[in-house]
Each structure stands twice: as C-alpha cells, then as structure tokens.
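Here's the structure we're looking at; comments come further down.
The values are calculated or read from the model by the stated rules, or taken from the named source; none is laboratory data. Keep in mind it's a predicted model, so treat the numbers as computed, not measured. We place every Cβ from the backbone using ideal geometry, glycine too, and count neighbours over all the protein chains shown.
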Amino acid sequence: MSDVSKPQPLGGNEMPRFGGITTFMRLPGTTAPADLDVAVVGVPFDIGTSNRPGARFGPRGIRSESVLIRPYNMATRAAPFDSLAIDDIGDVATNPYNLADSILRIEAHYNELLSHDLKTISIGGDHTIALPILRAMAAKHGPVGMVHVDAHTDINDTMFGERIAHGTPFRRAVEEGLLDPQRVVQIGVRGTGYAADDFDWSRDQGFRVVQVEECWHRSLEPLMNEVRQKVGGGKVYLSFDIDGLDPSVAPGTGTPEIGGLTGVQALEIIRGCYGLDLVGADLVEVAPAYDASGNTSLLAANLLYEMICVLPGVERRLV
Ligand code: MN
Ligand code: MN
C-alpha cells in the first residue's frame, strides 16, 4: 500500500489519466525541495543543439506521456514512492536568448537544490545541460563517476568555435575536474566521425567506450556487471541521451544515428545501475515534434521512472 505521508502519483481512478494538471507521473507538484529526497526537474533548453532544435519541449512532452505510468515496478519490484519523498518541482527558468546565461541559471538552480541533500532526476533539454548539472554535483560531492548512454561521445573541444554546446559537455567536465575519468563508461557510441580517432580522446582519459556494435544482438546484463565494477566505489551520475537508442524506437530527437540500442537494452542499462551510489540522472535530447506518435516521449518517461527505481534508498518488495 502507498505511504500517504509521502507525495504519491494521482491514480487513474481518482482523475482520468487524460485529466488534471500535467506533472511528471501526476505527482502533486507542490512539495518544497527541503522536504524531498528526489526532485524531478525540467530543463527546457535547446540552444546548444547542432542540428534539429526542439528539445526545449522535452519536459512538457515527457510529462504529458508520463501520465500512464503507475507507481510500482512489476519487474524489479521497486516501490519508489513508498521509499522516498519524490515530487516534480517544475522547470528551470532558462534564458532562451542567451546560452551562457542559461548555463549559469541551471548551475545556480542545481546548487540551490543540492543544498537540500536531495537527488535530481532531470528532464532535458539538450545535452548541454549536463555541464552545469555536473558542476553543481561536483561542487557538492567532488568528482563523480558517470554512466553515459549516447550515440555520441560529446567530447568535442569546440563546435563552430564555441566551447559550450551539446557536443562538448564531457570535454569541459573532464577539464574542470567534475568527473573521475577512471570511473566513466560511454555506451552506444556509433556513427560517422570527423576523424578516425574521434573516440580516442575518451579512451585516453580512462573512459570505457562501448561502441554500439559491442551491444548488438545481446543482453547487456553482462556489460552492466562490468560497468558497475568500473564506475562503482564512489558517487555516480547517469546521463542518458535518447539518441543512444535506435531511431526506429526513438525518432523524436535532433541528431539521430542508425544502428542504435533497443528499448529493452535501455531498460537493462538503467536496471543494471541498481546498487550504484547514484546522486542524480538525466534524460536528454527528446524533441517531441519529430515523433507525432508520442512514443519517444513515452519511452523517455518510462526510462526516467526506471532511473527513479534504481536510486539508493528505493526498497524492493521481496514477497
Ligand atoms: Mn549527447
Ligand atoms: Mn547524442
């Protein structure tokens, strides 16, 4: 039974699932950060994108498709809303006319949130947002390990001469000492490069780079055993770019690459993070306008729910 002392998703028999104000999973949306263990945060921002824009609508689209998700995880038996105080606290007020100012605003917002000793589940937004979030995470926790799912390594030095864009956050994060490079894994990387050694910078830092071909046609449970060994032993951040998945299951994104991960493999990766000392997670690069079916946002909403289910402190029913 639900613990009514904690925020609970509104049930489909109390208000139809297509009714009510659209928070993530129909949570109350009224809890102060000081009273939360986990804050769900929208970051509507896409002026760091290189190709199709539209991820600014990710938080809204994902919240809309999250209305069908029920509280208990029938596969892992996780009971997140009985275990932790979790609520949707709304969006960061990004500046749509100024990338640099938006980055400062996001960092300040997360610094304030983390002062309450909570964990953040972030709904992007393009991948640029990972940099200010990691700055706040490192300010609180020191350098963190990272599980990074993506078609791209996002370690460019510059894009069009700019040092902050959606393809550069993890280069900056290493330079700024936000990541422990020996505890970083990138999964799903693929596609075409500007140079044959494009993925080598990551490997030279100590990252484990798992190109997608290593994942094709197989369960990722064995890989995740290795990943937990690699990134464990300290605080870990999970950054999940929806374009890590194949465009056939996640077409609603700005820089799609063929031959990607499956939806089931995405579940295996996130569920495989159970046991890690996660301090936060994000799901980025959903641009709902490129998927009229809503399935990309639906998938993203469920992956965010699965991330909540693997946070430390979430209990699993044994019987
Ligand atoms: Mn990315
Ligand atoms: Mn990507």
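Regarding Thr128, is this residue within 16 Å of ligand 1 (Cβ to nearest atom), within 17 Å of the chain's Cα centre (by Cα) and more than 29 Å from Leu298 (Cβ to Cβ)? No: the conditions fail for Thr128.
So is Val210 among the aliphatic types (A, V, I, L, M), on the phi < 0 side of the Ramachandran plot and more than 16 Å from ligand 2 (Cβ to nearest atom) or not?
Values: among the aliphatic types (A, V, I, L, M): yes; on the phi < 0 side of the Ramachandran plot: yes; more than 16 Å from ligand 2 (Cβ to nearest atom): no.
Spelling it out, it is not the case that Val210 is among the aliphatic types (A, V, I, L, M), on the phi < 0 side of the Ramachandran plot and more than 16 Å from ligand 2 (Cβ to nearest atom).
What are the residues in the range 71-114 that are of a type in the set (Lys, Arg) and loosely packed, with under 14 Cβ neighbours inside 10 Å, if any? Explain how you work it out, then say what you get.
Our first condition is that a residue be of a type in the set (Lys, Arg); within the range 71-114, this holds for 77, 105.
The answer is Arg77, and nothing else.
Taking the range 135-163 as the region of interest, how many residues are within 16 Å of ligand 2 (Cβ to nearest atom) and either farther than 19 Å from Arg52 by Cβ or hydroxyl-bearing (Ser, Thr, Tyr) (or both)? Within the range 135-163, residues that are within 16 Å of ligand 2 (Cβ to nearest atom) and either farther than 19 Å from Arg52 by Cβ or hydroxyl-bearing (Ser, Thr, Tyr) (or both) number 6. Considering (1) within 17 Å of the chain's Cα centre (by Cα); (2) more than 15 Å from ligand 2 (Cβ to nearest atom); (3) in a strand (DSSP E or B); (4) not aromatic (Phe, Trp, Tyr), the lone condition that Gln265 does not fulfil carries the number (3).
Select, from Asp246, Asp198, the only residue that is within 18 Å of the chain's Cα centre (by Cα), among the charged types (D, E, K, R) and within 16 Å of ligand 2 (Cβ to nearest atom). Steps first, answer last, please.
On the way: Asp198 fails: within 18 Å of the chain's Cα centre (by Cα).
Only one candidate passes the filter, namely Asp246.
The residues on offer are Leu311, Leu278, Leu283, and the sole one that is at pLDDT 95 or above and within 16 Å of ligand 1 (Cβ to nearest atom) is Leu283. Kindly establish whether Gly167 is over 24 Å from Val314 (Cα atoms), touching a helix residue (DSSP H, G or I) at 6+ places or on another chain (Cβ under 8 Å), at pLDDT 95 or above and not acidic (Asp, Glu). Yes. Only one of the numbered conditions (1) surrounded by fewer than 24 Cβ atoms within 10 Å (Cβ to Cβ); (2) closer than 21 Å to Arg56 by Cβ is violated by Glu175, and that is (2). Exactly one residue among Pro181, Pro222 is surrounded by fewer than 20 Cβ atoms within 10 Å (Cβ to Cβ) and within 12 Å of Ile269 (Cα to Cα), and that residue is Pro222.
Residue check: Asn13 meets all listed conditions (1) touching a residue at least 40 places away in the same chain (Cβ under 8 Å); (2) assigned to a loop (DSSP other than H, G, I, E, B); (3) polar (S, T, N, Q) but one, namely (1). Among the residues of the range 142-179, write down those that are in a loop (DSSP other than H, G, I, E, B) and away from ligand 1 (no atom under 12 Å from the Cβ). Of everything in the range 142-179, those that are in a loop (DSSP other than H, G, I, E, B) and away from ligand 1 (no atom under 12 Å from the Cβ) turn out to be Gly142, Pro143, Asp157, Thr158, Phe160, Gly161, Arg163, Ile164, Glu176, Gly177, Leu178.
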